[in-house]
Amino acid sequence: IKRIGLLTSGGDAPGMNGAIRAVTRSANYHGLEVVGISHGYRGMINKAFKTLESKDVSNILQQGGTILKSARCMEFKTIEGRKKAYDNLIEAKIDALVVIGGDGTFTGAGLFAKEHNFPVVGIPGTIDNDLYGTDFTIGYDTALNTIVDCVDKIKDTATAHERLFFIEVMGRDAGFLALNGGIAAGSEAVLIPEIPTSYADLKSYLANGYRKSKNSSIVLVAEGEKEGGAFNWAKRVEKDFPDYDVRVTILGHIQRGGTPSASDRILASRLGAGAIEALMDDQKSIMIGIENGEIVHVPFTKAIKNQKGVKQQQLDLVKILSN
Ligand code: ATP
């Protein structure tokens, strides 16, 4: 391997820049070239290639977003689109690929690698933390801290007015942000896709806390929660309890931005260097992860099957601590 293509794809996550820096500098350190591909898979199809050197990745470690830009690319979902991308890589003499993204990105990478027998290594970059085989994904810690900071602020005003807030956080299929955000910010309940909460249960949590001992209440709702999100739950509660002062906040894209936390910078640096080492070691179609402090290699097919799972025990903790 001599020249490695590098891209960020899918939803952006704080810390992706740290991974771009680590991939570029580790590759340079080992005498390999890096070609930055902008706008994810779309850049492979449009030949948006530009050589990256050490100086090009100066001063980006502390920046959110991704200097390579990200995009969603429908054409890459077709065999023809992936063939075009392959031809462009060959023309540019790129002989391996590092992709930074989430499960969709790895699904595409797996297909591309198989169809063209091309070495591809993935780095988990998504705020959702929904990839199997790594304890954390790049961006999750920063997003979680943003959520906690926002909930703390909302709690101040919730308490001043004795209000009940439903706060919706990101997570289309995974409730890690809602669950751990709820634990860290001391919410009354969390509503997540993996383990549904019944309306009856929610009512009893609220009756327990909100009316008896608290003068405000916070419920964190993952956007992928099955009953239709924060507004739906709020409407139901308002209808049944007209005396509750109910409000809804959707945190939205604020969760994707901001300077990456120290943990995300370290994770991105280790995973970026790990990706280059894996390619030099002839590894293919794997995600680099960290489990129990150690770098691990996880086949794409395993990583994308959202089997990390939320433990009932963690959900119970929210209930016990909001008592
Ligand atoms: P996040 O979880 O943060 O949203 P992601 O990587 O899952 O990130 P997606 O939008 O699902 O984000 O996927 C990114 C890109 O990967 C898509 O725009 C598409 O180009 C490619 N991709 C996704 N799914 C497939 C698929 N089934 N086949 C081929 N390519 C795919």
ask   = strands (runs of 3 or more DSSP E) wholly in segment 3-90 with at least 1 residues that are in contact (Cβ under 8 Å) with a residue 12 or more places away in the chain, crowded, with 21+ Cβ neighbours inside 10 Å and within 13 Å of the ligand (Cβ to nearest atom) - which ones?
value = 3-8, 33-37
request  = Filter segment 145-164 for residues that are touching a strand residue (DSSP E or B) at 6+ places or on another chain (Cβ under 8 Å) and either closer than 18 Å to His253 by Cα or modelled with pLDDT of 95 or more (or both) and give the result.
outcome  = Ile147, Cys150, Val151, Ile154
Close pairs (7 angstrom Cβ cut-off, 6 or more residues apart or separate chains): farther than 10 Å from Val120 by Cβ in segment 281-294, surrounded by 10 or more Cβ atoms within 10 Å (Cβ to Cβ) and of a type in the set (Lys, Arg) anywhere = Ile290/Arg270
note = Of the residues in segment 119-173, those that are under 20 Å from Ile183 (Cα atoms) and among the β-branched types (Val, Ile, Thr) number 12
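Per-residue answers, yes or no, for (1) touching a strand residue (DSSP E or B) at 6+ places or on another chain (Cβ under 9 Å); (2) among the basic types (Lys, Arg); (3) modelled with pLDDT under 95:
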{"position": "Tyr41", "(1), (2), (3)": "yes, no, no"}
{"position": "Ile45", "(1), (2), (3)": "no, no, no"}
{"position": "Asn59", "(1), (2), (3)": "no, no, no"}
{"position": "Thr78", "(1), (2), (3)": "no, no, no"}
{"position": "Lys84", "(1), (2), (3)": "no, yes, no"}
{"position": "Ala92", "(1), (2), (3)": "yes, no, no"}
query = If we keep just the residues of segment 108-121 that are more than 10 Å from the ligand (Cβ to nearest atom) and touching a residue at least 24 places away in the same chain (Cβ under 8 Å), which is nearest to Gln255 (Cα to Cα)?
reply = Val121
inquiry  = Checking Arg236 against (1) closer than 24 Å to Leu179 by Cα; (2) within 19 Å of the chain's Cα centre (by Cα): exactly one of these is not met. Which one?
reply    = (2)
note = Note: among Leu131, Leu97, just one is assigned to a strand (DSSP E or B), within 15 Å of the ligand (Cβ to nearest atom) and under 23 Å from Ala22 (Cα atoms), namely Leu97
ask   = Pro124 is checked against (1) crowded, with 23+ Cβ neighbours inside 10 Å; (2) more than 25 Å from Val296 (Cα to Cα); (3) within 15 Å of the ligand (Cβ to nearest atom) and fails just one. What number does that condition carry?
value = (2)
ask   = Hey, does segment 202-222 have a residue that's under 21 Å from the mean Cα position of the chain (by Cα) and among the small types (Gly, Ala, Ser)?
value = yes
message = Among the listed residues Thr142, Thr105, identify the single one that is under 24 Å from Asn292 (Cβ atoms), within 15 Å of the ligand (Cβ to nearest atom) and either among the polar types (S, T, N, Q) or at pLDDT 95 or above (or both).
response = Thr142
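Looking at segment 190-209, which of its residues are surrounded by 24 or more Cβ atoms within 10 Å (Cβ to Cβ) and either over 15 Å from Leu251 (Cβ atoms) or in contact (Cβ under 8 Å) with a residue 60 or more places away in the chain (or both)?
Once the filter is applied, which keeps residues that are surrounded by 24 or more Cβ atoms within 10 Å (Cβ to Cβ) and either over 15 Å from Leu251 (Cβ atoms) or in contact (Cβ under 8 Å) with a residue 60 or more places away in the chain (or both), segment 190-209 yields Val190, Ile192.
The values are calculated or read from the model by the stated rules, or taken from the named source; none is laboratory data. Here the structure is a predicted model, which is why all the values come from computation and not from measurement. Virtual Cβ from ideal backbone geometry, glycine too; neighbours counted across all protein chains shown.
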